[in-house]
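Here the structure comes first, spelled out in structure tokens, and everything after it is commentary.
Read-outs: derived from the displayed coordinates by stated rules, not from any lab. It should be emphasised that the depicted structure is a prediction, and the values quoted were computed from it without experimental measurement. A quick note on method: Cβ atoms are made from the backbone with ideal geometry, for glycine too, and the neighbour counts reach across all protein chains shown.
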Amino acid sequence: MRATSPMRASMLSDWLAQRIERNGEQPIYRQLHGLLQQAILSRELPAGTKVPSSRLLASELGLGRNTVTQVYEQLALEGYVWSATGQGTFVADSAPDEIVGNDAIVSGVEPDIEPRVLSQRGTRLLQGAGVSTRQEGAFMPGVPDVSRFPAAVWSRLQSKYWRRLRPDLLTYAPGGGLPKLRQVLADYLRTSRSVRCTPEQIIVTTGIHQSIDLAVRLLTDSGDVIWTEDPCYWGVRSVLQVSGLSMKAIPVDAEGINPSADDLADPPKLMLVTPSHQYPLGMVMSLARRRMLLEFARQNGCWIIEDDYDSEFRYGSRPLASLQGLDKDGQVIYVGSFGKTLFPGLRVGYIVVPEGLSASFATASAELYREGQLLQQAVLAEFIAEGHFTSHIRRMRGVYGQRRQIVLDTIRKRYGDTLQIEGGDAGLHLVLRLPDGVDDRQVAKAALDVNVVVRPLSGYFLRPGREVSGLLIGYGGVPEDEIEPAFDRLTEVLSRYGVLPYQGLQDVSNVSPRSS
């Protein structure tokens, strides 16, 4: 607080007159209230000072008496002043009890107070934050085309619930979420993803982040070791960083997560994997690797979280069965969401837990997060039950497949086989590998200046020295006619960093991505 000199009541009208803007945007009433409040809080009007009567102050400022009277009454309601009949209006003593008598504060001298700083985990979270200010446009990874969402169908279903409004849909959600949604989810996951579960094993959440946060809170303690794939999704990494767990980055190869003999000798409490489509590189975990992980988890009492984030979108082959479907011992916790299959703003996800944990997870979810959105859950349940969800998936798989092919053709036209493409068989993005020595973070920053959004691959690696240069190219939310013009702008940016277009390519038919 800055040092101030007390103001005599006789000076108040002059002080106010100098600061009130007669033609300002803010009404005179609000200006007068704010100025008097400021004078009292800054001790320019000390406690006990008698302020001019409303009649006198109104006369000296050229205002209506009602205006000043209303301001005094509002200040009295807020505890800044008090009035006594026949005596007048006085500034109240509003200093907090615990610092009354502190000479440094009362005199207006700034005390020596240590500046407030973030916690260590808060600092780590912000230093590694990957969230972008841009959530759309070429080539933002992981963003679906929300313009193709069947809004008319959704609106019809939603209107039906609003017309026949049930009070129980406007309150907090029961533990686990709306029973009808859990039922249709169980049916869908059994048929489409080979997930073995009952409705009671499904807990509705707001998405992957909350699902993993819930599992970590209930199954681990601070300091426990968790394996993550390297590279891995930055959002999940952030959730784990603030949980107090000790993260161990396990490299991936063409078959998925690949722990060494030394890694296997020191089992973790929990493993987090993306077996159907590794994020961000895109490989599929082999059956042999899946069986090895399940057996290792069984022998060592480890938990496995299976993040099945965009398994519905595969091109040229059927979606692969889940890891959870192979689990005979209740070691796998399966998580998914509707963020990419429907629209991100829906904020509905789910976690499938082993039978013995379902009641605990349902209670903990209600206790920690106090979920709601039951009306949205009811609409979503009916949307799935009537077949609109699977129809939308089929339709969008065709749209995204076409856009993927345009991106692949465009890259080959510009670069031939000089740049390697990875992970384009599924999902909503592919990875364009850059030559060693090219700073992909600088490339991504420069691309943003020409209205192209790409993510640097190196930012997804956890172990220092293992980073690989590349760009995540998202195509889900990019209209077909915007792909080539946007990639031309990216090509110009890459040229500045020594990545020059290839001139000799003649035929780009039947292009498919290569895996490392």
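Listed by chain and number, the aspartates and glutamates whose alpha-carbon sits under 12 Å from that of residue 160, ignoring those within fewer than 8 places in the same chain, are 382. Other residues with beta-carbon under 9 Å from the beta-carbon of residue 244 carry, at +1 per Lys or Arg and -1 per Asp or Glu, a net charge of -1. Neighbour counts of C-beta atoms inside 10 Å place 342, 181 in the sequence 342, 181, starting with the fewest. Would you please state which residues of segment 399-417 a label at residue 488 would reach in this model, taking the label point 7 Å out along Cα→Cβ and a backbone N cut-off of under 19 Å? Only 406-416 pass the distance filter.
The radius of gyration of the Cα set in segment 9-106, together with its Dmax, comes out at 13.7, 42 angstrom.
Using a/c under 1.5 as the rounded threshold, could you call segment 282-387 rounded, prolate or oblate? The axes a ≥ b ≥ c are square roots of the C-alpha gyration tensor eigenvalues, and prolate needs a/b larger than b/c, oblate otherwise. Oblate shape, in that a/c is at least 1.5 and b/c is the bigger or equal ratio. Which aspartates and glutamates have a Cα less than 15 Å from the Cα of residue 445, not counting those fewer than 8 places away in the same chain? Within reach: 492.
In straight-distance terms, cross-link reach from residue 269 covers every one of the aspartates and glutamates whose alpha-carbon lies under 14 Å from its own, apart from those fewer than eight places away in the same chain; here that gives 221, 224. Going by a ≥ b ≥ c, the root eigenvalues of the Cα gyration tensor, does segment 365-418 fall in the rounded group (a/c under 1.5), the prolate group (a/b larger than b/c) or the oblate group? Oblate, since a/c reaches 1.5 and b/c is not below a/b. For segment 9-106, the relative contact order comes to 26 percent (Cα pairs under 8 Å, sequence separation of at least 6). Put simply, the chain fits an ellipsoid with semi-axes of 56, 30, 26 Å; these come from the alpha carbon gyration tensor as the roots of five times its eigenvalues, largest first.
Annotation: the antiparallel percentage among DSSP beta bridges lying fully within the chain is about 60. Taken over segment 391-496, the ratio of Cα radius of gyration to 2.2 N^0.38 Å equals 1.08. In segment 391-496, taking the dipole from charged Cβ atoms about the Cα centre, the farthest positive-side position among 405, 460, 478 is held by 460. Exposure proxy for 200, 312: other Cβ atoms within 10 Å of each Cβ, ordered fewest to most, give 200, 312.
Sorting 160, 180 from the fewest to the most surrounding beta carbons within 10 angstrom yields 160, 180. The order of the peptides 478-484, 190-196, 210-216 by mean Cβ neighbours within 10 Å, most packed first, is 210-216, 190-196, 478-484.
The antiparallel fraction among DSSP beta bridges confined to segment 248-370 stands at about 45%.
Does segment 18-66 classify as rounded, prolate or oblate by the C-alpha gyration tensor (a ≥ b ≥ c root eigenvalues; a/c under 1.5 gives rounded; else a/b over b/c gives prolate, otherwise oblate)? Verdict is oblate for segment 18-66. Cα centroids of segment 430-458 and segment 366-421: 24 Å apart.
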